[in-house]
Amino acid sequence: LTDLGVRIVNFIKTTKKVSEVVNNFSDIADEDKIVKYLEFLSIRGYAQIWNAKQKVFQKALSSVQKEVFMVEHTPYGATIELTSKCNFKCVHCYLDNCHSEEQLPLDKIKYILDQLAKAGMLTIFLSGGEPLLRSDFPEIYTYAKKLGFLIVIFTNGYLLNDSLLELFLKYPPLEIDISLYGGSNEAYERITGVKGAFDVIKQNILKYTQAGIFVSSKTPVLNLMIDDLDNIKKFADDCHIPWRISFDIVPTIDNEEKNGYQVEAKTAVQLFKKYSSTYQADKTTLIENLMNSNFRIGRKRYACGTGKSSCFVDYRGIVCPCIETRHRGISIFDEPFETIWDKVRQITYENLPNEVKDYKCLSCKLACVCRSCPAVRERRYGVSYKVEKSDCEFTEELCKIVLEEENVCQKTKN
C-alpha cells in the first residue's frame with residue numbers, strides 16, 4: 001500500500017462514516033479518490049460498507065460465520081491455550097493456581113494445528129497464560145501461518161520485541177489483542193505485580209502500530225481500577241488502537257472465586273454506558289425485545305453461540321465448546337478431531353432436562369442482552385439452569401437505565 005493507503009486502512013479499523021474518512025484525508029486527496037479506494041477495499045473484502053439507499057451490506061467474514069458456519073455447525077475457529085504460564089500475576093486471573101503446570105511440547109502443538117487445519121478451521125486465537133512466554137512461539141506461529149490460518153494473538157504485550165516484529169511483518173497476524181490493566185506504572189503494578197510494565201507495553205504498542213501491525217485492546221474492569229478508566233482509555237486513544245471493556249470476573253478453573261474484584265452492578269452499568277461502544281446496540285436490542293410479548297429462549301443448555309462453529313483447546317490438549325466448558329472437554333490425543341467435533345456439537349445443542357420447569361431465563365425478556373453465562377453458572381452451582389440474584393443484577397440495572405432514558409426521550413418529544 002501507499003503511505004496514504006496505510007493511513008486510511010488504519011483509520012477505518014473501527015466504524016467510520018464515509019464522510020468522516022473523506023474529511024480526515026481531504027488535505028491529501030480528493031473525494032473521488034478516497035471513495036474509489038474504499039470501494040476497492042470493500043470489493044476485496046477488507047472493508048464493509050453499508051449503503052442506506054440500496055440497503056446493501058457487504059458482509060464481513062464474522063457475519064458469514066454467524067449466518068452460515070454456526071447454522072451448519074461447521075468449524076470456523078479455535079482458541080488454543082498454548083501455556084498456563086504467565087509473566088504477570090494478575091489478581092483476577094482464572095488460571096491463578098495453574099501457572100506452574102507443564103505445557104505441551106512443540107510436536108503436540110503442531111499435531112493440534114494439523115488436526116484443526118484438516119477440519120477446515122479458518123481462524124485460530126493463540127492464548128495463554130502468556131503465549132509469548134514459550135521459547136518456541138515463533139516456530140508455532142510460523143507453522144500455523146503456513147497451514148493457512150488467520151491468526152489472532154491474545155497477549156499482555158510485555159514480551160513483544162523487535163524479533164517478533166520482524167516475524168509479524170513477514171507473516172502478518174490478523175490482530176494482536178492486548179489486555180490493558182492501567183494508565184500508569186503504579187496502576188499496572190497494583191493489578192499485575194510487575195513494576196514498570198506500563199512504560200514497556202506502551203512503547204511496544206507504539207512500535208508495532210507504527211510498523212503497520214493491527215493492535216487492539218481490552219480491559220476486564222476490576223473494582224481496583226474504576227478511577228483509572230479515563231487514563232486507560234486515553235492510553236488506548238494515544239496509541240490509536242480500539243479499546244473495549246468487560247465486567248465478567250469469573251472463578252478460576254478450579255472454582256476459586258474472584259468476585260471480590262467484581263464491580264458493583266449499578267456502577268458497572270454506568271461505566272458500560274460511558275465507555276462501551278456496544279451500549280447503543282444493546283439499548284436498541286433491549287427495547288425491541290421488551291415490545292415482543294412472545295419472547296422465549298430455546299431449551300438449550302447454552303443459549304449463546306458457544307461451540308456452534310468454534311471450540312477451545314486448553315493447555316493440556318482438552319477440546320471443549322468454549323473456555324468455560326473445559327470441565328466437559330475431550331483430549332484431542334485420545335480421539336480423532338472429527339469425533340470430538342461431533343461431541344462438541346452434542347454439548348452445544350444439549351437440551352435442558354425435561355423436569356426443569358422453573359428456569360427463569362426461559363421467559364426473561366432481558367435475556368437478549370444478558371451477560372450471565374450458563375457455563376460459568378454450571379461451574380459455580382453444578383447446573384447451568386440455577387440462577388442467583390447476583391447473576392441478574394447487571395442486566396436488570398442496564399434495563400433500568402435504558403427505560404429511564406427512553407422515558408426522558410418520550411417526555412422531550414411530547
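Screening N255 with (1) of a type outside the set (D, E); (2) assigned to a loop (DSSP other than H, G, I, E, B); (3) under 26 Å from L159 (Cα atoms); (4) open to solvent by 50 Å² or more (accessible area, probe 1.4 Å) gives one miss only, at (3). Within the range 116-129, residues that are on the phi > 0 side of the Ramachandran plot and in a loop (DSSP other than H, G, I, E, B) have Cβ atoms under 6 Å from residues that are among the hydroxyl-bearing types (S, T, Y) and open to solvent by 10 Å² or more (accessible area, probe 1.4 Å) in no pair, counting only partners at least 6 apart in sequence or on another chain. Based on this model, can you work out whether K110 counts as touching a residue at least 60 places away in the same chain (Cβ under 8 Å) and among the basic types (K, R)? So K110 does not fit the description; no. Return a yes/no flag: does the range 389-396 have any residue that is outside any helix (DSSP H, G or I), of a type outside the set (S, T, N, Q), surrounded by fewer than 18 Cβ atoms within 10 Å (Cβ to Cβ) and more than 23 Å from the chain's Cα centre (by Cα). No: zero hits. Assuming I245 fulfils every condition listed in (1) more than 20 Å from the chain's Cα centre (by Cα); (2) surrounded by 16 or more Cβ atoms within 10 Å (Cβ to Cβ) apart from one, which condition is it? Among (1) more than 20 Å from the chain's Cα centre (by Cα); (2) surrounded by 16 or more Cβ atoms within 10 Å (Cβ to Cβ), the lone unmet condition for I245 is (1). Name every residue in the range 21-38 that is acidic (D, E) and surrounded by 14 or more Cβ atoms within 10 Å (Cβ to Cβ), in order of residue number. Scanning the range 21-38 gives a single hit, E31. Beta carbons closer than 6 Å, at least 6 apart along the sequence or on distinct chains, pair a first residue in the range 216-227 that is touching a residue at least 12 places away in the same chain (Cβ under 8 Å) and of a type outside the set (K, R) with a second that is crowded, with 16+ Cβ neighbours inside 10 Å and in a strand (DSSP E or B) for S216/E175; S216/D177; S217/I178; S217/W243; T219/I245; V221/I245.
When you go through (1) assigned to a helix (DSSP H, G or I); (2) closer than 27 Å to E388 by Cα one by one for A303, which number turns out not to apply? Failed condition: (1). With respect to F312, is the statement that it is in contact with a helix residue (DSSP H, G or I) (Cβ under 6 Å, 6 or more places away or on another chain), closer than 30 Å to M121 by Cβ and either without any contact (Cβ under 8 Å) to a residue 40 or more places away in the chain or not in a loop (DSSP other than H, G, I, E, B) (or both) true? In short, yes. For the range 183-217, a residue qualifies if it is of a type in the set (G, A, S), surrounded by fewer than 16 Cβ atoms within 10 Å (Cβ to Cβ) and closer than 25 Å to I8 by Cα, and the qualifying residues are A211, G212.
Among the residues making up the range 325-353, a single one is modelled with pLDDT of 90 or more, in a loop (DSSP other than H, G, I, E, B) and of a type in the set (F, W, Y): F333.
State yes or no: is L160 crowded, with 21+ Cβ neighbours inside 10 Å, aliphatic (A, V, I, L, M), modelled with pLDDT of 95 or more and not in a strand (DSSP E or B)?
Values: crowded, with 21+ Cβ neighbours inside 10 Å: yes; aliphatic (A, V, I, L, M): yes; modelled with pLDDT of 95 or more: yes; not in a strand (DSSP E or B): yes.
Yes; evaluated as a whole, the condition is true for this residue.
Taken over the range 272-319, the residue count meeting the criterion of being open to solvent by less than 60 Å² (accessible area, probe 1.4 Å) and within 30 Å of D107 (Cβ to Cβ) is 12. Being under 21 Å from the mean Cα position of the chain (by Cα) and either open to solvent by 40 Å² or more (accessible area, probe 1.4 Å) or modelled with pLDDT of 95 or more (or both) is a property that S179 has.
Residue-level check: of (1) in contact (Cβ under 8 Å) with a residue 24 or more places away in the chain; (2) surrounded by fewer than 18 Cβ atoms within 10 Å (Cβ to Cβ); (3) not aliphatic (A, V, I, L, M), T339 misses just (1).
Provide a single number: the residues in the range 345-367 that are in contact with a His (Cβ under 9 Å, 6 or more places away or on another chain) and surrounded by 17 or more Cβ atoms within 10 Å (Cβ to Cβ).
The number of residues fulfilling the criteria is 1.
For the range 146-155, indicate whether the set of residues that are within 20 Å of S331 (Cβ to Cβ) and of a type in the set (K, R) is non-empty. Looking through the range 146-155, none of the residues is within 20 Å of S331 (Cβ to Cβ) and of a type in the set (K, R). Taken together, the criteria exclude K108 from residues that are surrounded by fewer than 17 Cβ atoms within 10 Å (Cβ to Cβ), in contact with a Gly (Cβ under 6 Å, 6 or more places away or on another chain) and either more than 14 Å from I253 (Cβ to Cβ) or modelled with pLDDT of 95 or more (or both).
Could you check the range 1-90 for helices (runs of 4 or more DSSP H) lying wholly inside it with 3 or more residues that are at pLDDT below 75 and out of contact with any helix residue (DSSP H, G or I) (no Cβ under 6 Å at 6 or more places or on another chain)? If you could, list the steps in order and put the result at the bottom.
Working: elements: 3-11, 18-24, 31-43, 61-64.
Of the helices (runs of 4 or more DSSP H) lying wholly inside the range 1-90, those with at least 3 residues that are at pLDDT below 75 and out of contact with any helix residue (DSSP H, G or I) (no Cβ under 6 Å at 6 or more places or on another chain) span 61-64.
The single condition among (1) open to solvent by 60 Å² or more (accessible area, probe 1.4 Å); (2) under 19 Å from K110 (Cα atoms) that F149 does not meet is (1).
The values are calculated or read from the model by the stated rules, or taken from the named source; none is laboratory data. Treat the numbers as computed from the prediction; the structure is a model and nothing was measured. Virtual Cβ from ideal backbone geometry, glycine too; neighbours counted across all protein chains shown. Surface accessibility is based on the protein's heavy atoms, side chains included, excluding ligands, DNA and RNA. Shrake-Rupley method; radii C 1.70, N 1.55, O 1.52, S 1.80 Å.
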